[in-house]
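Asks: Below you will find the structure I want to go over with you.
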Amino acid sequence: MVTTRLGVVTYERMYYYDPAGRSGCYPFDRQLGLTCGLSEGVMRLVVKLSAYLPYRQACEVYGELAQVSVSLGEATQEAGQRSRSALQPLATMKASLESAACAGISMDGFMVHVEGEGWKEVKIGAVFEAGTDKEEPTGGAGDNVRARSQSYVMHLGGPEGFGFKLAVEAQARRWGQAEQSAVLGDGAAWIWNLANRDYPSAAHVVDWYHARQHLWAAGDLLYPGQSERAAAWVNEQANLLYQGRADELARSLTQYANALPPDRQTALVAEAGYFATNHERMQYRDFRRARLPIGSGVVESGAKQAKQRLSAAGMRWSRPGLENMLPLRAALMSGTFDLLWPRIRPRV
């Protein structure tokens, strides 16, 4: 059914603005392969642009380029809804990691505001190839192993739903057939629960930079208001940590805590627990010698890219609206939007 309201033509629940303000619809749209007066190629660009930019900005950019006023929101939401079902049995078809020397998975989360619910965590995962241009890893604790050919998945909800989507992507890319593999995270329990269940044969690595942040937190507790002493202590302990001696660090922190006031004592014991719990995941020297990544920058970069579209200042999403946008944004960040489009294009 076609309805007309104030020069807006509504056609199969998607619509466009006729710049001439005319009513009605084009009678041969289906025969010409048009949806809401737009060809499939233009519709693809419209949806892709909406995954890049907020709807209002995307409309302005498209209108300026094409000299046509189009409402992008509904078309994008319908494409996103189709992509949610398309991605369940079929992942993004990024290049296979079968012949990679090392394949990595990294997991994290970021916050998005959902109307009526407040701030909710979106879980994000990156599947990637890890490699270096150098013959031998350099000294020190910097991460010279770089991520490339990365693809992303995102999920609004708990670890189970996210874990399924991530496993689909990893399987599609033959992640498990690489020569060696690593799973990286910031120390959150849900990450290691998934890693233990779904990727037990991979090396499990706590991100080096998050570990350093915990060192700094401990240093500030030991030497409050003494930045130079705290920095000197952190640098010394970082060498110990890099050598894979997080358990020794944990014991030292527990001993130091006994001499602190109760509030700082509790906080320092918590930091000691972090290092004790993750001792096996902090064998950084061994990981580096094996040319495994020790930094989760690829997923942190992905979270920042996602937030530019999903949680910029003032953005609010309905739950269905956010869930429809997530696979489109993930495909855009993965460089696979054009591969996904044939599965989600409107049927004419």
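Asks: So, residue 38, is that one touching a Pro at 6+ places or on another chain (Cβ under 6 Å), buried (at least 18 other Cβ atoms within 10 Å of the Cβ) and at pLDDT below 85 or not?
Replies: So residue 38 does not fit the description; no.
Asks: Where residues in segment 75-113 are part of a loop (DSSP other than H, G, I, E, B) and touching an Asp or Glu at 6+ places or on another chain (Cβ under 6 Å), which of them is modelled with the lowest pLDDT?
Replies: Filtering first and then ranking leaves 91.
Asks: Could I ask something else about it? In segment 237-252, which residues are assigned to a helix (DSSP H, G or I) and within 33 Å of the chain's Cα centre (by Cα)?
Replies: Within segment 237-252, 237, 238, 239, 240, 241, 242, 246, 247, 249, 250 meet the criteria.
Asks: Check off (1) touching a His at 6+ places or on another chain (Cβ under 9 Å); (2) surrounded by 21 or more Cβ atoms within 10 Å (Cβ to Cβ) for residue 316 and give me the number that stays unchecked.
Replies: The number of the failed condition is (2).
Asks: Now for a different question. Is one or more of the residues making up segment 302-312 closer than 23 Å to residue 153 by Cβ and part of a loop (DSSP other than H, G, I, E, B)?
Replies: Among the residues of segment 302-312, at least one is closer than 23 Å to residue 153 by Cβ and part of a loop (DSSP other than H, G, I, E, B), which makes the answer yes.
Asks: Is there any pair linking a residue in segment 250-268 that is surrounded by 16 or more Cβ atoms within 10 Å (Cβ to Cβ) to one that is outside any loop (DSSP other than H, G, I, E, B) and among the acidic types (Asp, Glu), with Cβ under 9 Å and at least six apart or on different chains, and which?
Replies: Once the first residue is surrounded by 16 or more Cβ atoms within 10 Å (Cβ to Cβ) and sits in segment 250-268, its partners that are outside any loop (DSSP other than H, G, I, E, B) and among the acidic types (Asp, Glu) give 250/271; 253/271; 257/271.
Asks: State all residues of segment 323-348 that are part of a helix (DSSP H, G or I) and in contact with a strand residue (DSSP E or B) (Cβ under 6 Å, 6 or more places away or on another chain); if no residue qualifies, say none.
Replies: 323, 326, 330, 333, 334, listed by residue number.
Asks: Given the conditions (1) in a loop (DSSP other than H, G, I, E, B); (2) modelled with pLDDT of 95 or more, and given that residue 225 satisfies all but one, which numbered condition is not satisfied?
Replies: (2)
The values are calculated or read from the model by the stated rules, or taken from the named source; none is laboratory data. Note that the structure is a prediction, hence the values are computed from the model and not measured. Glycine gets a Cβ as well: all are built from the backbone with ideal geometry, and neighbour counts include every protein chain shown.
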